[in-house]
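The values are calculated or read from the model by the stated rules, or taken from the named source; none is laboratory data. Predicted model only: the values in this text are computed from it and were never measured. Here the Cβ is made from the backbone with ideal geometry for all residues, glycine too, and neighbour counts use every protein chain on show.
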Amino acid sequence: MVIKSAKYLTSAVKKEDFLSDKKEVAFVGRSNVGKSSLINALTGQKKLAKTSSTPGLTKMVNYFLINDEFYFVDLPGYGYSKTGKSHVKIWSSLIEDYFLLSKNLRLVFILVDIRHKPTELDEAMLKFLFYHNIPCKIIATKCDKVAKSKIGVSLQNIATSLGVGKANILAFSSETGYGKDKLLESIGELLKDEAEE
């Protein structure tokens, strides 16, 4: 799949604001795992999705219109809350509402940092999506931070930790573009298969 156009459309702060007119591919993960950077890398626009070094900045459900055909949806990060000091918390009700109410959601990518073992919240998110029969795959971000020779081992460790097959995990780097073509291909195949059904 080739992304020819991408633009920020709107942000939802409550469930009544959710869009429902196009297919959606959503990105979720702990704060500071690189969701916005990934969206920017996929679309080739460095400032499309706002990035921050401050965990927990994204509090809204952000919609980006891709090729005038479908949405990338950037969901709030979980795991931190900026209240004087950071502390672990469960994801917001806004994320849960989005997953349960979005009728055009086709795939969720759970982002994890390739350098670290998935957190309990990552595991809980995966179980939540499985329970509700929401299709999902895992993206291991920041793979430029590990040696290429160790990427395979890191992916296997993540797969083992989450109890999924290694084939369900894609390595990605927003810095180098590693994994970009493969990720776009998987999104394109999903939408193409649906169009043919």
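Which condition number does residue 177 fail, the rest of (1) modelled with pLDDT of 95 or more; (2) within 21 Å of residue 48 (Cα to Cα) being met?
Only one criterion is unmet by residue 177, namely (1).
In region 53-77, which residues are of a type in the set (Val, Ile, Thr) and either within 15 Å of the chain's Cα centre (by Cα) or at pLDDT 75 or above (or both)?
58, 61, 66, 73 - these are the residues of region 53-77 that are of a type in the set (Val, Ile, Thr) and either within 15 Å of the chain's Cα centre (by Cα) or at pLDDT 75 or above (or both).
Go through the residues of region 117-134 one by one and say whether even a single one is in a strand (DSSP E or B), touching a helix residue (DSSP H, G or I) at 6+ places or on another chain (Cβ under 9 Å) and either farther than 24 Å from residue 176 by Cα or at pLDDT 95 or above (or both).
Scanning region 117-134, I find no residue that is in a strand (DSSP E or B), touching a helix residue (DSSP H, G or I) at 6+ places or on another chain (Cβ under 9 Å) and either farther than 24 Å from residue 176 by Cα or at pLDDT 95 or above (or both), so the answer is no.
Is region 99-113 home to any residue that is exposed (fewer than 13 other Cβ atoms within 10 Å of the Cβ), at pLDDT 85 or above, in a loop (DSSP other than H, G, I, E, B) and small (Gly, Ala, Ser)?
No, every residue in region 99-113 fails to be exposed (fewer than 13 other Cβ atoms within 10 Å of the Cβ), at pLDDT 85 or above, in a loop (DSSP other than H, G, I, E, B) and small (Gly, Ala, Ser).
Mind telling me which of the residues 50, 82 ends up being more than 15 Å from the chain's Cα centre (by Cα) and modelled with pLDDT under 95?
82
Is it true that residue 177 is part of a helix (DSSP H, G or I) and farther than 25 Å from residue 99 by Cβ?
Against the criterion (part of a helix (DSSP H, G or I) and farther than 25 Å from residue 99 by Cβ), residue 177 does not qualify.
Looking at (1) of a type in the set (Val, Ile, Thr); (2) closer than 21 Å to residue 97 by Cβ; (3) assigned to a loop (DSSP other than H, G, I, E, B), which one does residue 28 not meet, given that it meets all the others?
If we test residue 28 against (1) of a type in the set (Val, Ile, Thr); (2) closer than 21 Å to residue 97 by Cβ; (3) assigned to a loop (DSSP other than H, G, I, E, B), just (3) comes out false.
Quick one: is residue 139 under 15 Å from residue 111 (Cα atoms) and touching a residue at least 12 places away in the same chain (Cβ under 8 Å)?
Spelling it out, residue 139 is indeed under 15 Å from residue 111 (Cα atoms) and touching a residue at least 12 places away in the same chain (Cβ under 8 Å).
Among residues belonging to region 4-32 that are of a type in the set (Val, Ile, Thr) and more than 17 Å from the chain's Cα centre (by Cα), point out the one that is surrounded by the fewest Cβ atoms within 10 Å (Cβ to Cβ).
13
Just checking, how many residues over region 145-169 are without any contact (Cβ under 8 Å) to a residue 40 or more places away in the chain and outside any loop (DSSP other than H, G, I, E, B)?
14
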